[in-house]
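Notes for the one structure printed next.
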Amino acid sequence: MFSARMPGLRPRPGADSTRSRAPQPSGRSPRPPRRRTRGSLSALAATGALALAVSACAAAAQTGDTAATAKGDVRAGASTPDGRTPRPGAHSAGDPLFTYLGNGGYDVASYDIRYDYRPGTTKMNSSVRITATAKQALSSFSLDSKVDRVDSVSVQGEGAAFTVSGEKLVITPRHALREGESFRVDVSYRVDRADDTRSPSYPPTAHYLQAWLEKDDGFAVMGQPDRAHMFFPGNDHPSDKARFTFRVTTPKNLQAVASGTLRSRRTTGDRTTYTYTTRDPIPTHVAQVAVGRFTKVTARGPHGLPIRSYLATARYKAAKAPVDDIADQVAWVEKEIGRRYPFETYGVLGVPGDYDGVALESATLSTFSVEGLTRPAEEIAPTMIHELVHQYFGDAVSVRTWNDMWISEGHAEYYQLLYSVAKGYRKLDDVLKQRYEFEFDKRVESGPPARLKTAQDVLTGGNNGGLLMLAGLRQQVGDSVFKKIEQTFYDRYLGRSATTKDYIDVANRVSGRDLTSYIEGWLYGAQVPPMPGHPDWKRAAAPAS
């Protein structure tokens with residue numbers, strides 16, 4: 001799900017300031033307008049009607065499984081030495097909102113991605129090495145892939161047959177993979193950063209965000225919710241997290257930046273290769289890689305945490321002030337949640353111009369428009385807290401399905417609000433009352449926070465209701481029990497993915513109460529429940545005509 005909208009750019013529900021959309025770059029067709037809903041907040045949600053689409057993966061699977069292989073291969077239907085029968089991996093993770101997305105039969109451990117960036121062309125030669133473990137005996141398996149061209153595929157160092165159908169790359173290894181076997185997949189491919197393909201789960205008229213964001217001196221990426229496989233073939237679903245390595249070669253007068261820590265920088269002639277790795281597994285949709293002219297800002301956070309940010313050099317001076325506050329922001333979040341920041345490093349990336357009107361919780365390196373970072377503190381600081389909290393809920397603890405996205409967005413919205421209150425930017429009950437009144441329209445438009453109507457609703461559908469549920473839960477159980485629930489849930493699912501039921505189970509166990517009906521009413525109910533502590537709050541009256 002998307003993070004808080006950037007001040008001065010596209011609106012988002014419950015934002016702390018009014019925002020407007022920056023003009024589209026020339027040469028791109030204009031996007032359809034987004035729906036707006038009535039409400040008393042300064043910026044409201046934008047979603048649209050959506051019909052789910054399923055990729056034509058069954059045909060790809062059949063083609064992949066009948067591809068020519070070397071003599072003596074173990075094929076589907078034949079017995080392996082341990083008696084297990086290889087069969088194709090599933091071509092979907094079974095997500096109810098993104099039905100075509102994800103793959104089954106294996107678990108990814110790591111991605112090692114190479115890009116060769118050259119100015120003057122949007123095409124970029126690339127490769128990825130995927131390390132995974134088979135969860136079943138596999139005769140074939142698929143990857144999500146919407147790259148420009150796939151040149152070659154190998155499995156365990158041997159050339160493999162492959163087919164591309166829709167947004168699936170179906171691979172048939174020369175030898176079937178055994179259950180429990182660790183295996184390596186190498187894909188040589190090319191991307192085209194001019195590709196602006198919308199999600200198959202989005203209808204033709206729905207608004208969507210660009211995946212590749214081209215800049216005069218480079219690019220950045222926006223993989224959320226289901227576009228990361230435009231950057232690299234992989235298992236592009238938040239339930240399968242992995243460690244990342246990015247190796248990016250650029251002209252030596254440019255700089256590459258990515259999630260994780262810079263491990264090496266080597267220059268040969270007029271070309272420099274940067275290597276970044278993440279220490280911890282992260283979801284595919286929050287991986288970031290960018291090329292441009294950046295100025296690095298470093299600091300130390302709590303417990304010696306390395307903080308490194310990269311700001312578009314042309315706007316470095318204007319954007320530096322909020323970046324200097326990141327160490328204090330980390331300290332505030334650590335104290336409020338009661339847990340250390342989860343990754344090995346943190347910072348922000350401020351890209352030149354527009355970042356598609358949003359900010360993104362890209363893991364270890366939240367991404368903003370550098371212009372957004374120049375806004376007044378009361379506008380930009382809460383948004384920075386929002387992205388920082390996502391590092392805990394959404395990145396370190398990811399969601400099992402996109403219907404669980406309230407876990408990510410609801411928490412980010414809630415702690416953002418607490419920060420605004422602590423800084424004197426907002427009054428708690430004033431904002432909660434506005435949010436409560438807005439929820440009646442929002443629930444009609446997008447559905448309940450954990451049972452969204454459409455795939456597009458993951459962008460904003462769970463934010464408001466998730467925040468209200470958390471605020472009401474704290475009102476019912478008290479500060480100490482609420483914090484214990486939050487900490488227990490976080491500790492249990494750190495480095496893993498979690499569901500709505502997981503959160504309910506933790507809340508019940510920690511509180512010693514059955515909170516199921518309260519939480520489910522907020523997250524699954526068609527009607528907006530009463531707000532704990534405020535039985536007088538009602539739906540906002542419609543404005544007089």
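Select, from A507, A498, A455, A422, the only residue that is touching a strand residue (DSSP E or B) at 6+ places or on another chain (Cβ under 8 Å) and of a type in the set (A, V, I, L, M).
Details: A507 fails: touching a strand residue (DSSP E or B) at 6+ places or on another chain (Cβ under 8 Å); A455 fails: touching a strand residue (DSSP E or B) at 6+ places or on another chain (Cβ under 8 Å); A422 fails: touching a strand residue (DSSP E or B) at 6+ places or on another chain (Cβ under 8 Å).
Of A507, A498, A455, A422, the one residue that is touching a strand residue (DSSP E or B) at 6+ places or on another chain (Cβ under 8 Å) and of a type in the set (A, V, I, L, M) is A498.
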ask   = Can you tell me which residue in the stretch 328-340 is surrounded by the most Cβ atoms within 10 Å (Cβ to Cβ), limited to those that are closer than 23 Å to I282 by Cα and of a type in the set (K, R)?
value = R339
task = Only residues that are in contact (Cβ under 8 Å) with a residue 12 or more places away in the chain and among the acidic types (D, E): list them for the stretch 324-343, please.
result = D324, D325, E334, E336
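Scan the helices (runs of 4 or more DSSP H) fully inside the stretch 299-396 and keep the ones with 2 or more residues being closer than 30 Å to H207 by Cα. Walk me through it before giving the result.
Values: elements: 316-323, 326-337, 377-392.
In the stretch 299-396, the matching helices (runs of 4 or more DSSP H) lie at 377-392.
Give the residues of the stretch 397-418 that are of a type in the set (A, V, I, L, M, F, W, C) and in a helix (DSSP H, G or I), sorted by residue number.
Going through the stretch 397-418, the residues of a type in the set (A, V, I, L, M, F, W, C) turn out to be 397, 399, 402, 405-407, 412, 417-418.
Result: W402, W406, I407, A412, L417, L418.
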key: Selection within the stretch 341-390 - open to solvent by less than 10 Å² (accessible area, probe 1.4 Å), more than 17 Å from the chain's Cα centre (by Cα) and over 17 Å from A321 (Cβ atoms)   = T345, V351
note = Inside the stretch 266-307, the number of residues satisfying the requirement of being surrounded by fewer than 19 Cβ atoms within 10 Å (Cβ to Cβ) and within 22 Å of the chain's Cα centre (by Cα) is 2
request  = Restrict the check to the stretch 235-243 and report whether at least one residue is buried (at least 18 other Cβ atoms within 10 Å of the Cβ) and closer than 23 Å to T122 by Cβ.
outcome  = yes
message = Residues that are within 22 Å of Y111 (Cβ to Cβ), free of Cβ contacts under 8 Å to residues at least 40 places away in the same chain and either open to solvent by less than 20 Å² (accessible area, probe 1.4 Å) or in contact with a strand residue (DSSP E or B) (Cβ under 9 Å, 6 or more places away or on another chain) (or both): does the stretch 160-171 have at least one?
response = yes
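How about the stretch 160-261: which strands (runs of 3 or more DSSP E) wholly inside it have at least 1 residues that are under 30 Å from G347 (Cβ atoms) and within 15 Å of the chain's Cα centre (by Cα)?
212-215, 218-221, 243-251, 255-258
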key: Among (1) open to solvent by 30 Å² or more (accessible area, probe 1.4 Å); (2) in a loop (DSSP other than H, G, I, E, B) - the single one Q136 does not satisfy   = (1)
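Report yes if L432 is touching a residue at least 40 places away in the same chain (Cβ under 8 Å) and more than 20 Å from D502 (Cβ to Cβ), otherwise no.
Details: touching a residue at least 40 places away in the same chain (Cβ under 8 Å): yes; more than 20 Å from D502 (Cβ to Cβ): yes.
Taking the combined requirement at face value, the residue satisfies it.
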key: Hits in the stretch 189-229 - residues which are open to solvent by 40 Å² or more (accessible area, probe 1.4 Å) and under 30 Å from G157 (Cβ atoms)   = R190
remark   = Among D82, D107, D73, D112, the single one that is assigned to a strand (DSSP E or B) and either open to solvent by 60 Å² or more (accessible area, probe 1.4 Å) or at pLDDT below 95 (or both) is D107
inquiry  = Any residue at all in the stretch 120-129 that's open to solvent by less than 50 Å² (accessible area, probe 1.4 Å), farther than 24 Å from Q224 by Cα, at pLDDT 95 or above and not in a strand (DSSP E or B)?
reply    = no
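The values are calculated or read from the model by the stated rules, or taken from the named source; none is laboratory data. Note that the structure is a prediction, hence the values are computed from the model and not measured. So basically every Cβ, Gly included, is an ideal-geometry build from the backbone, and we count neighbours across all protein chains shown. Side chains are part of the model used for accessible areas, which takes the heavy atoms of the whole protein and leaves out ligands, DNA and RNA. Shrake-Rupley method; radii C 1.70, N 1.55, O 1.52, S 1.80 Å.
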